[in-house]
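Working notes, beginning with the structure itself.
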Amino acid sequence: MMHRMFAVTIAGMYVVAVSFVAGTARAQEPCSLSVQVPVSLHVAPPICAGQPLSLLAEACSPCVQLLGWEQDPGGPLTIKALMRPNDCLILSLCVPDSLLIPIGTFAAGHFVMIVQVNATIVRPDSTTCSVVQSHEVSFDVPLSCSQTPLPYTDVIRVGPPAPCDSCPPPPICPDREIPFFIAGHFEDDCHEFRGLELLPSPIAGPSPQPPIARVTVAVNDCLRRLCTPTPSHWEARALMPALPRGDYSMIVELQEVSLCDSTRVIGNHTTIVPFSVAKTCSLPPAPSCFLYAWGKDPSDPACNTRVAPGTPGRLVFSVSGFAVEGLQGRFDVTPPALSLTDLRLVGPGAIGMQLMWRQLPEGASFVAFRDGPAICGAIECPWGIEMIVSPRPDIPIPAHTTVDAVDLFATDALGREVPLCPTLVPIAPANVCVGPSCDWNGDGRVDVRDLVLMVRCVRDSTSCPDSTRDGSDCNGDGAFNLDDVLCCARVILYGRMPDSVATRPAPDLRVAVGVPVTGAAGVDVPVRVSRADLVGAARLAFSYPHDRFDDTRVEVLGDASQWLQISEDVGGQMVVGLIAANPDVEVGGDIELMLHFQLAPGQSPSTDIRLASSEFAGRDGVPLAPGPPQTSVPEARVRLALSAARPNPFGSTTRFVLSASRATEADVGVFDLTGRRLVTLHRGPLSAGDHAFTWDGTTADGSSARDGVYFYRAFASGVTATRKLVLLRGR
């Protein structure tokens, strides 16, 4: 076995190849040049100069199975794969498969790695051919790493922020609550910020100690596709109890949990943040003025939002300033062809505030004031007003409309006026542009009926209405596809079908909400929608005590590939949109959902969660009149979770744990890459909870399995859980 690494400099760029394991490949008949192997390659973070780096290869099984990697001396890094094109349909089940390959350490600079994918293709007639693909994986190694040793984290701050970039931070005072701030970013959509909580310090003694700050990040380990590289920012604030003067060390943790099972911890990361509390101090006076700004659309810098027939837009008016405890004013729309609707408070500073507003012919007037304690204390705590900008009936939408904030009057906590801060350039009003419409049936509004027609057009271009072939690019990426359907689905979360629309009776179509199940992280609620074969799209709204929970999400159980889903909090309700992925393909059974409500720090669980409203459209776009909600409690579909096998790779025996959410009939076995069962580890009743299984590498007939890649799978009530393991005896 040979281990070595070399780098060649080309015009200030490094082209690297890494040699690890020499091997040979068996020659096969080459495939057609049109065959492409869908494998994602990137260098896994953290990327730090002088620290070992790893290349992460990802694919979707059973479409592509990653078998291993090797490298001949001086040659490119080679990844071996097995691909079955018949299993590569867009909506087929994806079991994430990955290889983490060590590539050594690098100095700071820009690098390009040549990686070769050698794949065996299994044709429909079971014959095989080979494909060789070369990839260039580029990455940058910075001079320094993140400011913190925690993953996904960029900033940790104990104490108030500095008043300016070049100013020192104010001291931490002994008689005041201590602000805590943490922020970071994710590189892809497989990670989700779940919250920040302060836990009691484990250090017992005569003097008080700072609490433990724990950040929870959910890792989507059940994603049925490859991760999309979409960077996103996250941040959180909290107030720590006051501490006496002295030097302290604060424990900050980042806990990774499974997005599908928040009770399963994937990883824990810890760092120590030192800080000092001054003997005495006085905070600087709060700024005596405030500023406001309009939120930008990152995809279109020229417009703050877009509005189209039947398709409203969203604007956010944000306020910054330490002293603003109340604000009144008016939003003027020019020309008044659009109306402002559904104003609500947003942002961390909005907690403890009230908003009252009135719609005007040319906009809206408002009053916002604080009637409860602010959670931000002495730190900057922005808040804002989110408003929906809607088209008016029978009035053409102008190419450009402005929304301006006028007659603003702000006060501090003592009722004293807080003026607007002077600026060198006047604050520009928001710019509202006309955009693509999601109103596919031309009735002047967007609802679930339009989504059914959009999906049908995506699947069959001959069914697209001529009037909607142009201007239907909702997300502005230059193409009309399922992403535009989801973009328009977000619009329907804010509106409902008018009561006057004629509907088709569907008495067998019903919604049943199960008994909420409370846990340490929050509350889970099972929901069942019967007669899925009738449904082309659905809108379900659930009322819940939103002051108890700080995050909500929905999980489609069973064959989730049949449904596109999107959910969002709207007006204190959790609204779920469901769209049939292919209205022309009939699906049977029920739609089973699990609603997840994450508990806010310091709050106790509440089970007061109810179905507030429901709307359905058939697979032809006609509204459906469902039967009354069911009073019987649906039995939630069983949820299965397989732990990683330990050890893996293994030579003699490996062990894993299967977790079941409820008692069920289960089948647990080990399978080879062709799907052939090698051995059955369990078949029969399985109680709820954790169950440990072992495999000694022998098959059902007692013979020893060959070295290679295998899968251990669990089946129960139509649900499957699968993970990979490697047998290496070293023969």
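Derivation of every value follows stated rules applied to the coordinates shown; laboratory data play no part. Note that the coordinates shown come from a computational prediction; the quantities given were computed from them, not determined experimentally. Don't worry about glycine lacking a Cβ; one is built from the backbone with ideal geometry, like all the others, and counts go over all protein chains shown.
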* What residues qualify as long-range amide H neighbours of G618, i.e. H under 5 Å apart, gap of 5 or more or another chain, H built at 1.01 Å from N? -> G536, L624
* **Gain on full stretching of the segment that runs from R706 to L56 - 0.36 nm per residue minus C-alpha separation** => 231.4 nm
* Asked: Modelled label-to-label distance, E187 and R655, 7 Å Cα→beta-carbon offset: nm?
  -> 3.4 nm
* To do: With label points built 7 Å along Cα→Cβ from the Cα atoms of D696 and S604, find their separation and express it in nm.
  => 5.3 nm
* To do: Give me the number: length gained by fully extending D371 to D620, i.e. 0.36 nm times residue separation minus the C-alpha to C-alpha distance, one decimal in nm.
  => 84.7 nm
* Structure fact -> When C488, C303, C129 are arranged by how many other beta-carbons sit within 10 Å of their Cβ, fewest first, they go C129, C303, C488
* Radius 12 Å from Cβ of P629, net charge of other residues (Lys, Arg +1; Asp, Glu -1) -> +3
* To do: Per residue of the stretch 263-273, in order, report the coupling 6.51 cos²θ - 1.76 cosθ + 1.60 (Karplus, θ = phi - 60°) as ³J(HN,Hα) in whole Hz, putting x for Gly and Pro.
  => 7, 8, 8, 8, x, 10, 10, 9, 9, 10, 10
* Structure fact -> Expressed in nanometres to one decimal, the distance between label points 7 Å along Cα→Cβ at L355 and S232 is 2.2 nm
* Using 0.36 nm per residue, how much length does the chain from Q133 to R729 gain when fully extended, once their Cα-Cα distance is taken away? -> 211.5 nm
* Asked: Cβ under 15 Å from M353's Cβ, M353 left aside: what net charge do those residues give with Lys, Arg +1 and Asp, Glu -1?
  -> -3
* **Centre separation in Å (Cα based) which lies between the stretch 54-81 and the stretch 234-268** => 36 Å
